[in-house]
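Heads up, the thing below is written out as structure tokens.
The values are calculated or read from the model by the stated rules, or taken from the named source; none is laboratory data. Note that the structure is a prediction, hence the values are computed from the model and not measured. Cβ coordinates were reconstructed from backbone atoms using ideal geometry, including for glycine residues, and neighbour counts include every protein chain displayed.
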Amino acid sequence: MDAWIALARGPMFRVALAACLLGLAYHLVNTLWMIIQSHRRSTDKELSLGTVLAATLGSLLPLRRRRPLQTIAGLAFHAGILLVPLFYVGHVTLWQPHLPVPWPTLGPTVSDALSLAALAGLAAVLMWRLLVRTSRELTTTADVTVLLLLLAVTASGYWAAHPTASPAAPRAMLLIHLLTANLALFLTPLTKIVHCVLAPFNQLVSEVAWHFPAESGAHVAIALGKENDPV
Amino acid sequence: MAIECSYYLEDLDTRELPRRFLEAFAAILSHSNYAPLLDAASRAGLRCSRCAVTCPVYQASGDRRDIPCHRSALLLEVYRRYFTLRGNLSARFGYPFVLTEEHINTMAEEFYRCTACRRCKKECPFGIDHALITRLGRWILAEIGITPKALVVATREQLEGDTHNTSAIPAAAMKDTCEFLEEDCADEHGLKIEFPVDAEGSEYVFFPAVSDYLLEPDTLMGNAAVMKATGGSWTIGSKNFDGINYGLFYSDRMLGRIVSAEVDELRRLGGKKILIGECGHASRSAKAFVPTFGGNEPPPVVNIMEYTYDQWKAGKLKLKPGVIEERVTYHDPCNIARSGWITEQPREILRHICADFVEMTPNRQDNYCCGGGGGTVSIDEIRKFRTTVGGRRKADQIRATGAKICVAPCANCKKQVAEVCEDNGLDVRVCGLHDLILKAIDAPDFMKTNGSAPESPESAEADTSTEDA
């Protein structure tokens, strides 16, 4: 068991983290490059950056949304799965020795609260996906799989940190946590979790898309051999 | 199979539709700015359905087809499969999606159930612009010949017909109408107004929705009365007097050509600014796209409500307070309100001239579409869907106000809201803002038919200076 744990928190974690970071970097660079290329091609280059910023903050901090319960659940689970992996003191020990500066940490109490909020939020979102008709009709197997995976990572992490409450042997629970977390890291750039880096740019993407190149219609007509066709 | 939609199509070449759809899709992606939008949405689209709670069409229909992210997924699936590396690889390993005529038919039907009101974008946690994706889908379909006949026929007449407008009104008939309106305004309202045609060097060249010449005489008389009272320098161009731009709803190619034609007319007349009448999509298509399609030094674009408001605030236009006694409410046209461009100006005027003005809820940037947006109002064969599904929320809103008059300062909204009221049993009169301004205008003496004052503010000033000399 200990050998497996060492493997999961050592080489396996490093591979998963590298895949995650490289994948996210690829998505980020690719998106930014496409935005820049599109903007260069636009005839009217004046972007309403203030409006874009306000809309971006509005979507990232959804304080005025309808369905308040769904909003609260979403915020709770996002806060937990973003902050605890990055700042929980037990996690930071994995990379702090390799860093030249101190990494900020969250103490166990705050991390526990965030983890429990994330669990409740994830469960609520999963229930929403499965029970509410509008949501269920659009939900795919991948959507549910991602939620279940995040639920497994969060729950196993909480139990690994609280052995007395764990339904399984503490070391086994730790191993489950490490394996599911590594899998989540590895899958992040390959699944819709990639929105963690793309979301801040989506309003900008829309704004740029509405700025057309003046000649695009003519070029499309030529490409399709329709330049002399009537309307 | 033949393509079967709720709306009429022109004769359609159904040979190899999937291949032609993909060719059109590829051409558009190569020459436009849609690729990042599709890429971001296809990589990280959440399909959480939160957009469903904001869509007035879905609220009324409860039909999955009307959930914005479901509709976007129709096109994103094609994009993912045929235009991404992942899609190509997945296809080799058995990913089952293949573009078929059935899928194209589904897109053709569902893309025109959307009113393009863009309300869903505000609710989407990822900020996906579903209306823009729908619009792209419509453009691709248009390139293979799938567009509602009503939109194509009108656009063809506007761009390639003899009259250069969507209602096929000859310039001579437009001038006759203007003369009739001048006489009618004098007889009915005791006001002298003028519709200058081809007056070169005017500050404003006026482009109302051309249907106003047929259907909205009071709106046009109100527009002319404001211009007369304020001494506005304006003209109507005889070569192009239509602000309607259906290209905004279905094709960048048509959008650009129509905007360019407006700017050409302004330049022919030596005008300085484009003045758009009471029409939401005409205003937005000009305001947003003249900088793109208007060539070097594109002219500024002003909506007539902005002009009227500014003149009123500057004290050049006098309006009698509280003269409209019936209860009045105001419908925000999506194309001018969603962005926050024009929301307060008409309200301030209405609060001044109406004794009983009430808001419908929600309003301003959060308003509900009339149900006829995105060009659907011109598709008469889907009227039942437009008024009893797409427009049901609007009917509920108007009913809740108890208003007797609904001001809808947009040619499309006016037609749609009037039909919504008719089909939902509401006894409400629908009119434009300038219809009421016409009744509330505190006309200067030179405008009164029984007055003996000079013809215009300029001539009044000239007379005064002559006397001073």
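Under the condition of being of a type outside the set (D, E, K, R) and at the interface with chain B (Cβ under 8 Å from one of its Cβ atoms), the residues counted in segment A:40-62 number 8. Test A:Val194 against the stated conditions and say whether it is in contact with a His (Cβ under 6 Å, 6 or more places away or on another chain) and either β-branched (Val, Ile, Thr) or within 19 Å of B:Phe289 (Cα to Cα) (or both). So A:Val194 passes the test. Figure legend. Inter-residue proximity from segment B:223-251: first residues more than 14 Å from chain A (Cβ to nearest Cβ) and of a type in the set (Phe, Trp, Tyr), second residues part of a loop (DSSP other than H, G, I, E, B) and surrounded by fewer than 24 Cβ atoms within 10 Å (Cβ to Cβ), beta-carbon distance below 6 Å, spacing 6+ or different chains. Indicated pairs: B:Trp234/B:Ser202. When we screen B:Cys369, B:Cys421, B:Cys431 for residues that are within 28 Å of B:Ala229 (Cβ to Cβ) and of a type outside the set (A, V, I, L, M), the only hit is B:Cys431. The single condition among (1) touching a residue at least 40 places away in the same chain (Cβ under 8 Å); (2) out of contact with any helix residue (DSSP H, G or I) (no Cβ under 7 Å at 6 or more places or on another chain); (3) away from chain B (no Cβ under 14 Å) that A:Arg9 does not satisfy is (2). Applying the criterion of at least 2 residues that are more than 10 Å from chain A (Cβ to nearest Cβ) to the helices (runs of 4 or more DSSP H) found wholly in segment B:1-91 leaves B:17-31, B:56-61, B:68-83. Screening B:Lys287 against (1) surrounded by 24 or more Cβ atoms within 10 Å (Cβ to Cβ); (2) within 14 Å of the chain's Cα centre (by Cα); (3) assigned to a helix (DSSP H, G or I) leaves a single unmet condition, (1). Counting only helices (runs of 4 or more DSSP H) that sit completely within segment A:121-231, those holding 1 or more residues that are more than 13 Å from chain B (Cβ to nearest Cβ) and touching a Cys at 6+ places or on another chain (Cβ under 9 Å) correspond to A:170-187.
Residues in segment B:252-287 that are within 27 Å of B:Leu141 (Cβ to Cβ) and either modelled with pLDDT under 95 or more than 14 Å from chain A (Cβ to nearest Cβ) (or both): 6 in all.
Scanning segment B:92-133 for residues that are more than 14 Å from chain A (Cβ to nearest Cβ), surrounded by fewer than 20 Cβ atoms within 10 Å (Cβ to Cβ) and not in a helix (DSSP H, G or I) gives B:Phe93, B:Gly94, B:Val98, B:Leu99, B:Thr100. When residues in segment B:349-366 are screened for being within 26 Å of A:Ala54 (Cα to Cα) and either outside any loop (DSSP other than H, G, I, E, B) or touching a strand residue (DSSP E or B) at 6+ places or on another chain (Cβ under 6 Å) (or both), 4 of them pass.
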